[in-house]
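Inspection log for the structure reproduced underneath, given as structure tokens.
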Amino acid sequence: MHLVGTTSDMYQSLGAHRLLYRAQISHYVKLGLIDKAIQVFDQMSQSSCRLFSLDYNRFIGVLLRHSRYDLAHHYYSRHVIPHGFSLTPFTYSRFISALCAEKNFTLIQNLLEHMDSLGFVPDIWAFNIYLNLLCREGRLDTALEVFYSMTRKGREPDIVTYTILVDALCKSRRFREASILWRGLIEKGLVPDYKACGALVIGLCSGGNGNVDLAYELTLGVIKGGVKVNVLVYNALISGFCKIRRIDKALAIKKFMETNGCAPDLVTYNILLNYCCDEVMLDEAVRLVETMERSGVEPDLYSYNELLKGFCKANLMERAYLMMVKRMQAKGMCDVVSYNTIITAFCKARLTRRAYDLFEEMYRKGIQPDVVTFTLLIDAFLREGSSNVAKKLLDQMTGMGLVPDGVFYTTIVDHLCKTGKIDSAHTVFRDMVDNGIKPDVVTYNALINGFCKASRVTDAMHLYDEMQVKAYSPDEVTFKLIVGGLIREKKFSEACRVWDQMMEKGFTLDRHLSETLINAINSSGGS
């Protein structure tokens, strides 16, 4: 009896010690003294007190909450596993979500495997955090594997799960899979929210013709199911139909959204304005602006700049100018883009002096010209042979500290090539590269054209080879210039080789050039 009493006392004593340790740890955690709490936990684990799974779950939870991920992993791998303990599903879920912030995929996978062996399944919020990370990091196929494993393990995905995956699939242009997932969501009886609907519709509408129709069809299905669709979804549909030039459908959706109690916003009107002005549907564009104003939606600078663009495309530059002065400037809505739009139109119409007057007016009104302004005017004056004015503008631009861009350099290279100053053009081209500005295919084509016209096809071929080495894909114009230059210098074998490369890229020579090459080969005996 005496021995039994002693053993009982001993257990009571150890139990009291355990409670004291737990109380101390809790006290330090509440004070934010995590290092102190860790010291006490280490003392507890090295004492004669027996630790339980509960102690490790609580302590690892504290470490995770305070971003001590390495220590959490240490106690898990060196203490929990060797002692045959396990974490609770909730602690595992917290651990996984915390490791997502660190992008520690290896440890996350280890934890998922441990959970699987214990018959545990992470909570849905942990799954969603992990899926979101996988999608953000470009591991979409792994995310889909995790998604399908969820249902096999008895964890049903929620609307957030579907939204994450539908958005990622659309961004990867895997529209068919996104649509299948969407239909699965509906079949499960889940009610999509505006975020889920927005992810699908915006994704599909960025994918081209057939996908816009599919987005429209799926949206109608959602609306019939009683989901209130927000303006973001309607705007995506309107933008999608505008991109595929179905303005009638876009305008019908605008009416439909109004009928369904969703008022078009500034973005809605600007999408439609952009289309109408691009297509020079000026009457419709003006009506849109009037409708905006009547509806209490105030046109912004973008709206007015779109109208300017429309008037200028219709060669109504004076009407554009009057609107800019009388309406836009009166409202304090006028910027360098406004002036550049009208300057562009005057330059295209060869009214360079009028364009220059606008340039001077900008200065007087305190609107600073940018590189685009100078590029437009320099190009216009070079085309009409006024190189002295162009030089003055260039000096003015550099004096303002404006850095030339790719379009500016291309303009200069093209002009020098057209005036026969090929070596100067090549020097400017190299300066462009040395200054860290990447030439595009238009810049290369300008210089290649100059070399070919100057009977320097070898130099043109060096540029052609350089383009491919630097991963600048030659376009149809590049190939035609090179083949034409090689034919003129009677380098027929080389011309055939480039022609083959052209066809491999999906381009074709025009009939005249291909017949010229074939006749030249036949007449030269295939040399």
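The values are calculated or read from the model by the stated rules, or taken from the named source; none is laboratory data. Computed from a predicted structure; not experimentally measured. Cβ atoms come from the backbone with ideal geometry, glycine included; neighbour counts cover every protein chain shown. Each accessible area value is taken on the protein alone, full model and side chains, heavy atoms only, with ligands, DNA and RNA left out. Shrake-Rupley method; radii C 1.70, N 1.55, O 1.52, S 1.80 Å.
Numerical summary
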| quantity | calculated |
| --- | --- |
| Karplus (6.51, -1.76, 1.60) ³J(HN,Hα), θ = phi - 60°, over the range 99-112, in Hz, Gly and Pro reported as x | 5, 4, 5, 8, 6, 8, 5, 4, 5, 4, 5, 4, 5, 4 |
| Separation in nanometres of the label points that stand 7 Å from Cα toward Cβ, at Glu489 and Leu301 | 4.9 |
| Vicinal HN-Hα couplings computed from phi for the range 434-448 (Karplus, 6.51 cos²θ - 1.76 cosθ + 1.60; Hz; Gly/Pro x) | 4, 7, x, 9, 7, x, 10, 5, 5, 5, 4, 4, 4, 6, 4 |
| Whole-number percent relative contact order across the range 308-393, with pairs defined as alpha carbons under 8 Å at least 6 apart | 23 |
| Average accessible area per residue (Å²) across the chain - probe 1.4 Å, nucleic acids and ligands excluded | 50 |
| Cα pair distances of the range 360-431 binned at 5 Å [whole percent] | 3, 16, 26, 27, 17, 6, 4, 2, 0 |
| Over 45 Å [Cα-Cα, the chain], rounded percent | 47 |
| Spread of Cα-to-Cα distances over 10 Å intervals beginning at zero, given as percent, for the range 204-270 | 22, 59, 19 |
| Rounded, prolate or oblate (a/c below 1.5 giving rounded, otherwise prolate when a/b exceeds b/c) for the range 252-333 by Cα gyration tensor | oblate |
| Cα-based helix-to-principal-axis angle, 247-259 vs the chain, degrees rounded to 10 | 40 |
| Taking the range 437-520 and dividing mean pair separation by its residue count, relative contact order in percent (alpha carbons under 8 Å, at least six apart) | 26 |
| Spacing of the two label points (7 Å from each Cα toward its C-beta) at Ser26 and Ile244, in nm | 6.3 |
| Pairwise FRET efficiency - Ala330 versus Ser424, Cβ, R0 = 56 Å, nearest 0.05 | 0.75 |
| Length released on extending from Glu279 to Leu220, taking residue separation times 0.36 nm less the Cα-Cα span | 18.4 nm |
| Cβ-derived FRET efficiency at R0 45 Å, Lys392 paired with Val469, nearest 0.05 | 0.70 |
| Phi-based couplings in Hz for the range 117-129 (Karplus 6.51, -1.76, 1.60; Gly and Pro marked x) | 5, 8, x, 8, 10, x, 5, 4, 5, 5, 4, 5, 4 |
| Asp431-Gln39 FRET efficiency (beta carbon distance; Förster radius 45 Å; 0.05 resolution) | 0.10 |
| Unsatisfied cross-links (Cα-Cα over 25 Å) in the set Lys228/Lys254; Lys326/Lys365; Lys309/Lys505 | Lys309/Lys505 |
| The chain: relative contact order as a whole-number percent, Cα under 8 Å and 6+ apart | 4 |
| Computed lengthening from Val442 to Lys171, 0.36 nm per intervening residue step minus Cα-Cα distance | 94.7 nm |
| Accessible surface of the range 439-527, 1.4 Å probe, proportion on carbon and sulfur as whole % | 53 |
| Ranked by how many other beta carbons lie within 10 Å on average, peptides 469-477, 300-308, 189-197 from highest | 300-308, 189-197, 469-477 |
| Net length gained if the chain between Phe105 and His74 were fully extended (0.36 nm per residue, minus Cα distance) | 9.5 nm |
